[in-house]
Amino acid sequence: MFKKLIEESTGKSPWLFHINAGSCNGCDIELVSVLTPRYDAERLGFKLAGSPRHADIVVVTGPITQQSLPRVLRSIEQVPDPKCIVTMGSCPQSGNVFRGSYSVAGPLSKYVHVDVDVAGCTPKPEAVIDGLYLATQILQEKRKGMKK
Amino acid sequence: MILDALKTLIYVLIFPGFLFCFLTGLLLAGIDRKLVARMQKRVGPPILQPFYDFFKLCGKQTIVPAAANKTVFLVAPLLGLAALVVLQLFIPVFQFQIPAFANVADLIVILYLLLIPAVSIILGGASTGSPYAGIGLSREMVTVLACELPLVLVLLSVGRSVGVAIGAKEGITFSLSTIVRYQLESGSLICKASLIPAAIAFLLVIPGETGNHPFDAAEAETEICEGMLAEYSGAPLGVYKLSHAIKMLTMTSLFVMLFFGGIGTGIGNLVALIGLTGGAAAAVTMLLDVLVLFVLCVIVTAVGISFVHAVTARLKIEQIFKYYWTVVSALALLSLVLVWYGL
Amino acid sequence: MDFPFIKEALSQLFSKPSCQMYVPDKTKEGAPNYRGRIVFHPDKCINCMMCERVCSGNAITHVIEKTPEGDDKVTRTFYLGSCTFCATCMDFCGHGAIEFTRDYHMIATKEEDLMVSGTFIKKAPVKKAPAAKPAAPAPAAAPAPAEGGKVIKPRDDGKPVQVPSKCVYCTICAKKCPAGALEVDRANKTWKLDEDNCVGCGTCAEACPKKAILMPGDEPVTEAAPAAPAAAPAPKAEEKAAPAGAMISPREDGKPVQVPSKCVYCTICAKKCPAGALEVDRANKTWTLDEDNCVGCGTCAEACPKKAILMPGDEPVPADAPAAAPAPKAAAPAAPAPKKEEPAPAPKAEEKPAEPPKPVQPRDDGRPVQDPSKCIYCTICARKCPVGALEVDRTAKTWKLDEDVCIGCGNCYEVCPKKAILL
């Protein structure tokens, strides 16, 4: 019974941790706008967590600069399982207009497994909710796979 | 003997103890979140959200930092939870009081026990060795210190008021059950003009004691990564969240018992009026009492925690200290002086 | 402490929440003009690569495969994960092959889900497969027969054809070609088309200032005189003849000719020359044309404020016509004589006679002269001088012209309210 309760709850209480890896701030603002009264992602249980240790979903924005790369990877390591990594905007997926810069360490998928990509520059808040919702479902699947 | 032991076990684990605290505490936290959301013109999370959060955290991996003292790190949350459950045992539900605790000088014990959750969270935070926790625990200590003075003053004025009225030998009583019983006979204390400043002061102490907005400088998630909880994950974090919810229940039910104790009076007569007698009557009375307590707790939460959360921004730690030791303490002191001169 | 939100918190507790109850599964469209998922229409694409060149995020790529028939199978891919949705590609696509929809649901668990691609077959130059082989050498030979031939027709495979008689080898077409398929050598006067790279977009024809490139649908052009190169030496001879003869006539090879009598050596033509083929020295009054670099665009003639440059089609100008004006004034008989390529000594000779005579005479170097009897020293001329060559002091009643700075534009003459300036 507890196992089922936990599995149910995992999908209903996803806490977000937001990493800005050199973002232009556009995606950061849109992520926060998802939590505003207009879209109110807290309806679905989303909450911004202050520490990676509390998070379920890591939202990465920005093109992963050389300076931020070790910090991003370390922050992602700190997140307890089951976790889900979501890239928001075009930058972490490919580098976007910053691609090829000496200071950009390239797409995030080179270093860690990315679960969900939310494309757009920046994505619409609805699209962000879509992506996070998909991430919670993946989270639930991961939780089910954990105890087997 | 065995029956007594069983009874105690039921007390501790089920009714005023763990299970009751768990359910009502988390429900209260859910209602709080919903109310805050509604005041911010949002739909807000479902009322059962804290339950989801708790069970989800139970299913997460628990990471113990390499620099942490593992024993303290894992035991501290349980210590805090245990202290809160014990604390809840001391608070009567109108007429109902665990017999063993009835005549203990319980206000002082409550004062002590209220410190233990704060101490446990400080212990746990300090054991991680995280600098965020370091900042958080120093702030938590200041907050606890700041709240303690007005709280003591409020309890003193209530104790003095009842003590004088019932003609206690020392002129003051520290028995919560005596206070509740007195209110059952002669009306709620909130109706007494001299105690209204004390009631307001206690209402203002509640968010500080539970670490709620705007007095959550110790757990500011946006600036110091939730302070002492920064390194916690999984089940221990869930236990801390649960403790926080139960603390809300404890503080609000303490408020209800201190100032609204008389409201439960009529219920026994009401049940008798329907025609129930004996065990059934006692059971229904008890159920109604619990219901009334919960409703009153929700009202106190709505006014004392949610509303304050919705209309204020987080205070700096020195502002919290100043606020409690000037405004709130002054209110409590005013009440104490009035009561002392027999008003 | 101040609590400004008490009223709002209480009123909102009992009012309807302002949430947009967005359900993630539902498909909804973005606002009008929202730029969401890209749709590519391969049937409209001509593979001009313009979109790839303008894309700031390098989101557009292509793969070309050869089909058994010798055609190109082009697969163009848009990676939405690298797209900034700036729509520049859509703006640059002349054929409407790229479209932005209002669909913002670009959520993917795999990179492939964010790829939008389309495949089309780009036919080899000539439609029939067997004809494709002879087609390749044919266009390469096209310029060759043109020299001797009469009529130059546009090709029917969509690629450009040069009209040698009109071409000035300015290299603009090569610079504009998005595919880099043109190679133009100005010195050797060659125009070469890389058949494999040419995408037939027509950018070269649009860019040509001389309309020397024919695209399908253009009128065939009849070559006039056999070959432009032949015309090249002719004007050279003519140029030399010019100083000897009475008339300066425009050259026939499209290059500019200076009319020394009109030229004020203001250097504007040299500055405007896109090819940097002109060298004008104001101090020594020389005007030199670099024959190799000149593309015959005519920019110098347009820019000349004195109309001192002749282009083909202009009326011939008498070499000493303007010299006739200063002739009576200049006491020195030598003055009009050295109106050849080097007028340097001329002004020196004129400066001396310009000062002594009482009735003020206009100078013949195009620069202004003050008439002290009329001048009221209002300083308007000095203020209007574009180069600041005039210095007028109202109190001291002085009027000074800086000869080296003045470009002889005549602005001062026009603004003078007392007509006290002579040109």
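The values are calculated or read from the model by the stated rules, or taken from the named source; none is laboratory data. Computed from a predicted model, the values in this text were never measured in an experiment. Neighbour counts are summed over all protein chains in view; Cβ atoms, including those assigned to glycine, are modelled from backbone coordinates with ideal geometry.
Does segment A:62-69 include one or more residues that are part of a strand (DSSP E or B), more than 14 Å from chain B (Cβ to nearest Cβ), farther than 29 Å from B:Cys58 by Cβ and not hydrophobic (A, V, I, L, M, F, W, C)? The answer is yes; a qualifying residue exists. Residues that are surrounded by fewer than 22 Cβ atoms within 10 Å (Cβ to Cβ) and not hydrophobic (A, V, I, L, M, F, W, C) within segment B:223-235 comprise B:Glu223, B:Gly234, listed in sequence order. With the requirement that a residue be at pLDDT 80 or above, in contact with a strand residue (DSSP E or B) (Cβ under 7 Å, 6 or more places away or on another chain) and either on the phi > 0 side of the Ramachandran plot or in a loop (DSSP other than H, G, I, E, B) (or both), what does segment C:345-381 give you? Answer for segment C:345-381, where residues must be at pLDDT 80 or above, in contact with a strand residue (DSSP E or B) (Cβ under 7 Å, 6 or more places away or on another chain) and either on the phi > 0 side of the Ramachandran plot or in a loop (DSSP other than H, G, I, E, B) (or both): C:Arg367, C:Pro368, C:Asp371, C:Cys375, C:Tyr377, C:Thr379.
Against the definition (of a type in the set (A, V, I, L, M, F, W, C), within 30 Å of A:Gly106 (Cβ to Cβ) and either part of a loop (DSSP other than H, G, I, E, B) or at pLDDT below 80 (or both)), how does C:Phe85 come out, yes or no? Against the criterion (of a type in the set (A, V, I, L, M, F, W, C), within 30 Å of A:Gly106 (Cβ to Cβ) and either part of a loop (DSSP other than H, G, I, E, B) or at pLDDT below 80 (or both)), C:Phe85 qualifies. What about C:Glu29, is it within 30 Å of B:Gly304 (Cα to Cα), within 14 Å of chain A (Cβ to nearest Cβ) and acidic (Asp, Glu)? Considered against the rule, which asks whether it is within 30 Å of B:Gly304 (Cα to Cα), within 14 Å of chain A (Cβ to nearest Cβ) and acidic (Asp, Glu), C:Glu29 comes out as no.
The residues on offer are C:Lys73, C:Lys7, and the sole one that is more than 18 Å from A:Ser94 (Cβ to Cβ), outside any loop (DSSP other than H, G, I, E, B) and in contact with an Asp or Glu (Cβ under 7 Å, 6 or more places away or on another chain) is C:Lys73.
Picking from C:Lys16, C:Lys44, which residue would you name as being within 13 Å of chain A (Cβ to nearest Cβ), of a type outside the set (S, T, N, Q) and out of contact with any Leu (no Cβ under 9 Å at 6 or more places or on another chain)? None of the other options fit; the residue is C:Lys16. In segment B:152-168, the residues that are in contact (Cβ under 8 Å) with a residue 24 or more places away in the chain and basic (Lys, Arg) reach residues that are surrounded by 22 or more Cβ atoms within 10 Å (Cβ to Cβ) and assigned to a helix (DSSP H, G or I) with C-beta atoms within less than 6 angstrom, at least six apart or across chains, in these pairs: B:Arg160/B:Val339. Only residues that are surrounded by fewer than 17 Cβ atoms within 10 Å (Cβ to Cβ) and either out of contact with any helix residue (DSSP H, G or I) (no Cβ under 9 Å at 6 or more places or on another chain) or away from chain B (no Cβ under 14 Å) (or both) were counted in segment A:27-37, giving 2. Please find, within segment B:288-343, the residue that is farthest from B:Thr252 (Cα to Cα) out of those that are among the small types (Gly, Ala, Ser) and assigned to a helix (DSSP H, G or I). By that ranking, first place goes to B:Ala330.
Selection of segment A:5-26 for residues being within 7 Å of chain B (Cβ to nearest Cβ) and of a type in the set (Ser, Thr, Tyr) yields A:Ser9, A:Thr10, A:Ser13.
With respect to B:Gly59, determine if the residue is more than 20 Å from B:Ser233 (Cα to Cα) and not β-branched (Val, Ile, Thr). No: the conditions fail for B:Gly59.
Listed here are the residues, each with its yes/no results for (1) out of contact with any strand residue (DSSP E or B) (no Cβ under 9 Å at 6 or more places or on another chain); (2) modelled with pLDDT of 80 or more; (3) in a helix (DSSP H, G or I).
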{"site": "C:Cys173", "(1), (2), (3)": "no, yes, yes"}
{"site": "C:Lys210", "(1), (2), (3)": "yes, no, no"}
{"site": "C:Glu219", "(1), (2), (3)": "yes, no, no"}
{"site": "C:Ala224", "(1), (2), (3)": "yes, no, no"}
{"site": "C:Ala230", "(1), (2), (3)": "yes, no, yes"}
{"site": "C:Ala237", "(1), (2), (3)": "yes, no, yes"}
{"site": "C:Ala242", "(1), (2), (3)": "no, no, yes"}
{"site": "C:Gly254", "(1), (2), (3)": "yes, no, no"}
{"site": "C:Cys263", "(1), (2), (3)": "no, yes, no"}
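I want to confirm something. Restricting to segment B:54-79 and keeping residues that are part of a loop (DSSP other than H, G, I, E, B) and of a type in the set (A, V, I, L, M, F, W, C), which single residue is farthest from the other protein chains (Cβ to nearest Cβ)? Restricting to residues being part of a loop (DSSP other than H, G, I, E, B) and of a type in the set (A, V, I, L, M, F, W, C), the top hit is B:Ala67. Quick check on segment C:91-110: of everything there that is touching a residue at least 24 places away in the same chain (Cβ under 8 Å) and of a type in the set (Val, Ile, Thr), which residue is nearest to A:His113 (Cα to Cα)? Looking at the filtered set, the residue picked out is C:Thr101. Selection of segment B:157-183 for residues being closer than 23 Å to B:Leu89 by Cβ and not β-branched (Val, Ile, Thr) yields B:Gly159, B:Phe174, B:Ser175, B:Leu176, B:Ser177, B:Arg181, B:Tyr182, B:Gln183.
Could we say that A:Gly145 is surrounded by fewer than 22 Cβ atoms within 10 Å (Cβ to Cβ), part of a helix (DSSP H, G or I), out of contact with any Leu (no Cβ under 9 Å at 6 or more places or on another chain) and more than 7 Å from chain C (Cβ to nearest Cβ) here? For A:Gly145, the condition - surrounded by fewer than 22 Cβ atoms within 10 Å (Cβ to Cβ), part of a helix (DSSP H, G or I), out of contact with any Leu (no Cβ under 9 Å at 6 or more places or on another chain) and more than 7 Å from chain C (Cβ to nearest Cβ) - is met. Criterion first (farther than 15 Å from B:Ile206 by Cβ, within 13 Å of another protein chain (Cβ to nearest Cβ) and hydroxyl-bearing (Ser, Thr, Tyr)) does B:Thr312 satisfy it? No. Within segment B:37-49, if we keep just the residues that are crowded, with 19+ Cβ neighbours inside 10 Å and either more than 9 Å from every other protein chain (Cβ to nearest Cβ) or among the basic types (Lys, Arg) (or both), the residue that is nearest to A:Leu48 (Cα to Cα) turns out to be B:Arg42. The single residue among B:Thr71, B:Thr62 that is among the polar types (S, T, N, Q), without any contact (Cβ under 8 Å) to a residue 40 or more places away in the chain and surrounded by fewer than 18 Cβ atoms within 10 Å (Cβ to Cβ) turns out to be B:Thr71.
Just to be sure before I move on: is A:Asp40 within 10 Å of chain B (Cβ to nearest Cβ), over 23 Å from C:Leu114 (Cα atoms) and free of Cβ contacts under 8 Å to residues at least 40 places away in the same chain in the structure I sent? Here the answer is yes, as A:Asp40 does meet what is asked. Tallying residues that are at pLDDT 80 or above and part of a helix (DSSP H, G or I) within segment C:14-50 yields 0. Restricting to segment C:106-122, name every residue that is out of contact with any helix residue (DSSP H, G or I) (no Cβ under 6 Å at 6 or more places or on another chain) and at the interface with another protein chain (Cβ under 10 Å from one of its Cβ atoms). Of everything in segment C:106-122, those that are out of contact with any helix residue (DSSP H, G or I) (no Cβ under 6 Å at 6 or more places or on another chain) and at the interface with another protein chain (Cβ under 10 Å from one of its Cβ atoms) turn out to be C:Thr109, C:Lys110, C:Glu111, C:Asp113.
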